Amino acid sequence: MAEIQERSMKWRYIRQSLFFGVLRLSMLLIALALGGILFYIIINGIGAVSWEFITQPPTDSMTKGGIMPAILGTLYLTCGAIAVGLPLGIISAIYLTEYARQGRLVRIIRIGVNCLAGVPSVVFGLFGLGFFVVFLGFGSSILAGSLTLGFLILPTIIGAAEEALKAVPQTFREASLALGVSKWQTTLRIVLPTAVPGIMTGSILGIGRAAGETAPIMFTAAAFFTAKLPGSIFDEVMALPYHIYVLATAGTNIEQTRPLQYGTVLVLVALVLGIDLLAIVIRSRMRKQKRW
Amino acid sequence: MNRHTKEKFIKYILFLIALVSVIVLGLIVFSLFREGLPIFKKIGLADFLLGLEWYPTSEPPLFGILPLIVGSLIVTLISTIIAVPLGVLSAIYIAEIAPAVLKEIFKSIIELLAGLPSVVLGFFGMIVVAPWLQETFDLPTGLNIINASAILAIMAIPTISSISEDALYAVPREFKEASYALGATKFETIIRVILPSALSGVSTAVILGMSRAIGETMVVLMVAGGAAAIPESLFDSVRPMTASIAAEMGEAPYRSAHYSALFATGIVLFFLALVFNMIADYVSNKYKQVGSATL
């Protein structure tokens, strides 16, 4: 009897070790996937990236030269997306966490945010084309692209800001209200400043996403090639993600421009993951320094 | 203006701004229908959804999007089959057995993976995975369902993993302790107690991962091969809806039937994604584990 029990006990622990092995293996596979992709991109791209590559425009119908206009275009579009998404997102979150009472209207707003988060990026592109480019007559432009990207990242920013606002201790609000400060002043002077680091780190992840998206800007802002840099927000721009797509699939000489493609991929990955890494580092610092 | 009215005024302003998400959602529907509905003057809804031939530029053009819908569904399904075990198992690893130091590192890895731009993953699939598949299995092309699904799985894993992880953390501590107290091993506790309690969160994670895969554009555009036909094997090329829209919108003349048909495809995609999100929302609300008293 005791022997049987011992054997079954042993078996239970063998099963456990096997299971833990599988868990470790899956995590390892995921880490290897990321590592492998990054390693491949860096190894192949590093040779193409130089000061000239980053600061010069393309030449010889995009088979030589640099990618400066695309970098600039991506920066414009990303800043535009921040200008649209950040204020709207933060104010929405303030309303939802600080002001709204549970009710039908709040439920509708929440459903709206959730649905918006699930809209495929290419559908955002169609929306940008149908509404900003055609209906409002902005044409394919920085303005249309920024608005499209801004609304795309809106749910991410609302989510991040809500979480950060909820993390502010209730006692902070109560102390301020007890001093006779109005609700709006409390929100603006006490709650928001406390939540700003949290809002920022969460939003940065959304901003990284805006910088790397291709489908939403294909029909709303991105140009195959522009001879001049954009002069106003009504001009088209080149953008890094779209540039990669164009070079890799529709270029006149795909094989010949391979180094340019690797270089552009490396620059985009460095930009986007750099932004994400920044957020991750700031957040882990913040967690350690938390005072309440 | 006295203080009370001022506060009320501010509240209304905030409310109006918070409505922006709902308004944008409305505008998305408005724009899709405004540009997409004209196609139904030329072709019936059934012929559009169930038509087997997508030849938008032939004479006369044929706008049957069933092959595109099938393409979208098949890559989503296969990528889910690949991504769910990896995503859920990695979440269990991070939430339950990883040492504290590794936990932070692996969470960052998942987050960085989520941050990789889709065009970069598509590029990787084209340049690395496709030639390898083609040579190894002696195929006419490496741009096919398997390739697209594998790359899509990489995109869906972070979504599935991070949401599942949150669900696992949310399982009340008492459950675990009670299970250990009964003499269960850690493995038995995870499989019999923690995972079943987190099931609604994990299901939500899987559905949101699928919704991410079905809406993904650049990967399938670059890697799925682009053949608008019902596939017969996993090594066939397909043309998912998103790829069709992205590839053809640039060439479709403004307000032509083709242009409309692409917007109408967008409507189908929009509602498909909406259904996925509704189900996720429903599952996470309905079967939510609230405290330890409800089991």
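Just so it is clear, none of the values below were taken in a lab; they were calculated from the coordinates. All values reported here derive from a predicted model rather than from experimental measurement. Virtual Cβ from ideal backbone geometry, glycine too; neighbours counted across all protein chains shown.
From the alpha carbon centroid of the stretch A:40-61 to that of the stretch B:1-40 is 44 Å.
Averaged over residues, the count of other Cβ atoms within 10 Å places the peptides B:238-251, B:145-158 in the sequence B:145-158, B:238-251, highest first.
Cross-link reach is defined here as a Cα-Cα straight distance under 24 Å, omitting same-chain residues fewer than 8 places apart; for residue A:10 the lysines meeting it are B:176, B:186.
Using Cα pairs closer than 8 Å and at least 6 residues apart in sequence, work out the relative contact order for chain A, in percent. Working shown, then result.
Numbers: 352 pairs, mean separation 72.9, N = 292.
Reported relative contact order: 25 percent.
Quick check: from the Cα gyration tensor, does the stretch B:3-160 come out rounded (a/c under 1.5), prolate or oblate? Oblate, since a/c reaches 1.5 and b/c is not below a/b.
Hydropathy at least 1.6 by Kyte-Doolittle, axial extent at least 20 angstrom from the Cα trace: which helices of chain A, defined as entire DSSP H runs, fit? Please list the in-between numbers first.
On the way: long enough: A:2-45 (64 Å, 0.84); A:68-94 (38 Å, 1.81); A:104-118 (21 Å, 1.07); A:142-166 (34 Å, 1.40); A:192-212 (30 Å, 0.99); A:258-289 (46 Å, 0.91).
Helices meeting the criterion: A:68-94.
In a fully extended conformation the segment linking residue A:104 and residue A:5 would gain 29.8 nm over its present Cα-Cα distance, using 0.36 nm per residue. Across the stretch B:1-85, the relative contact order, built from alpha-carbon pairs under 8 Å that are at least six residues apart, equals 15 percent. For q values of 0.19, 0.21 Å⁻¹, compute log₁₀ I(q)/I(0) with the Debye formula on a Cα-only model of the stretch A:147-246, without solvent. Once normalised to I(0) and log-transformed, intensities are -0.90, -1.00. Which whole DSSP H helices in chain B pass both tests: a Cα extent of 15 Å or more along the axis and a mean Kyte-Doolittle value no lower than 1.0? Long hydrophobic helices here: B:20-36, B:66-92, B:100-115, B:145-169, B:199-215, B:257-286.
Ranked highest first by average number of other Cβ atoms within 10 Å, how do B:53-61, A:23-31, B:17-25 line up? Can you show the working numbers first?
Numbers: B:53-61: 13.2, A:23-31: 18.1, B:17-25: 20.3.
My ranking of the peptides, most packed first, is B:17-25, A:23-31, B:53-61.
Springs between Cα atoms under 10 Å define the GNM used for chain B, and in it the highest mean-square fluctuation of B:92, B:160, B:65 occurs at B:92.
Can you pick out the pairs among A:183/B:107; A:166/B:107; A:288/B:8 whose Cα atoms lie more than 28 Å from each other? Listed pairs above 28 Å: A:183/B:107; A:288/B:8. Output needed: percent of Cα pairs per 10 Å distance bin for the stretch A:69-240, bins running from 0 to the one holding the longest distance. All Cα pairs considered, the percentages come to 11, 34, 28, 18, 8, 1, 0. Largest GNM mean-square fluctuation among A:12, A:173, A:189, using chain A with Cα springs under 10 Å: A:12.
With an 8 Å cut-off on Cα pairs and a minimum separation of 6 or more residues, tell me the relative contact order of chain B in percent. Present the calculation step by step, with values, prior to reporting the outcome.
Values: 404 pairs, mean separation 77.0, N = 295.
This gives 26 percent for chain B.
To make sure I understand the rule: partners must be aspartates and glutamates, Cα under 19 Å from the Cα of residue B:103, and not fewer than 8 residues away in the same chain. Which ones qualify? Within the straight-line cut-off, residue B:103 pairs with A:276, B:111, B:165, B:166.
The GNM of chain B, with springs linking C-alpha atoms under 10 angstrom apart, assigns the highest mean-square fluctuation among B:107, B:41, B:11 to B:11. Other protein chain C-beta atoms within 10 Å of residue C-beta, averaged over A:132-142: 1.
Per residue of B:84-90, what is the mean number of Cβ atoms on other protein chains within 10 angstrom of that residue's Cβ?
Per residue, the number of nearby Cβ atoms from other chains is 4 on average.
The distance between label points at residue A:56 and residue A:17 comes to 6.1 nm (points 7 Å beyond Cα on the Cα→Cβ vector). Counts of other chain beta carbons within 10 angstrom of each beta carbon in peptide B:155-167 average 1.
So what's the back-of-envelope 222 nm ellipticity for chain B, counting only DSSP H runs of four-plus at -39500 (n - 2.57) apiece and dividing by all residues, rounded to 500? Kindly include the intermediate steps, with their values, before the conclusion.
Working: 14 runs with 196 residues, N = 295.
For chain B, the value works out to -21500 deg cm²/dmol.
Note on chain B: dipole from Cβ charges, positive end direction compared against B:48, B:81, B:99; the farthest Cα belongs to B:99.
Between residue B:33 and residue A:29, what FRET efficiency follows from the Cβ-Cβ distance if R0 is 51 Å, with the result rounded to 0.05? Please list the in-between numbers first.
Details: r = 43 Å, r/R0 = 0.85.
It comes to 0.75.
Peptide packing: for A:175-184, B:198-207, the average count of neighbouring Cβ atoms within 10 Å per residue gives the ranking B:198-207, A:175-184, highest mean first. For the pair the stretch A:156-232 and the stretch B:48-94, the centres of their Cα atoms are 34 angstrom apart. Placing unit charges on each Cβ (+1 for Lys and Arg, -1 for Asp and Glu) gives the stretch A:69-240 a dipole about its Cα centre, and among A:207, A:91, A:75 the Cα reaching farthest toward its positive end belongs to A:91. Would you mind classifying chain A by shape? Square roots of the alpha carbon gyration tensor eigenvalues, ordered a ≥ b ≥ c; an a/c under 1.5 is rounded, otherwise it is prolate if a/b is larger than b/c and oblate if not. It is oblate, given that a/c is not under 1.5 and a/b is not larger than b/c. Annotation: amide H-H contacts under 5 Å for residue A:64 (H modelled 1.01 Å from N, sequence separation of 5 or more, or interchain): A:59.
Rg/Rh, computed from the Cα trace of the protein assembly as shown with Rh as the Kirkwood radius, has the value 0.99.
Rounding to the nearest 20 debye, state how big the charge dipole of chain B is about its Cα centre with +1 on each Lys and Arg Cβ and -1 on each Asp and Glu Cβ.
Details: 18 positive and 21 negative charges, 275 e Å.
Approximately 1320 debye in magnitude.
Please state the shape class of chain B: rounded when a/c is under 1.5, otherwise prolate if a/b exceeds b/c and oblate if not, all from the C-alpha gyration tensor. Don't skip to the answer; put the middle values down first.
Working: a/c = 2.28, a/b = 1.29, b/c = 1.77.
Here chain B falls in the oblate category.
Here's the list of aspartates and glutamates a cross-link from residue A:64 could span, going by alpha-carbon distance under 19 Å and ignoring same-chain residues fewer than 8 apart: A:52, A:255.
Would you tally the net charge around residue B:265, using a Cβ to Cβ cut-off of less than 12 Å, leaving residue B:265 out, and scoring K and R as +1, D and E as -1? Before the final figure, lay out the partial values.
On the way: positive: B:239; negative: B:35, B:248.
Net of charged neighbours comes to -1.
When shorter helices are ignored and each DSSP H run of at least 4 residues is given -39500 (n - 2.57), the per-residue value for chain A at 222 nm works out to -23500 deg cm²/dmol.
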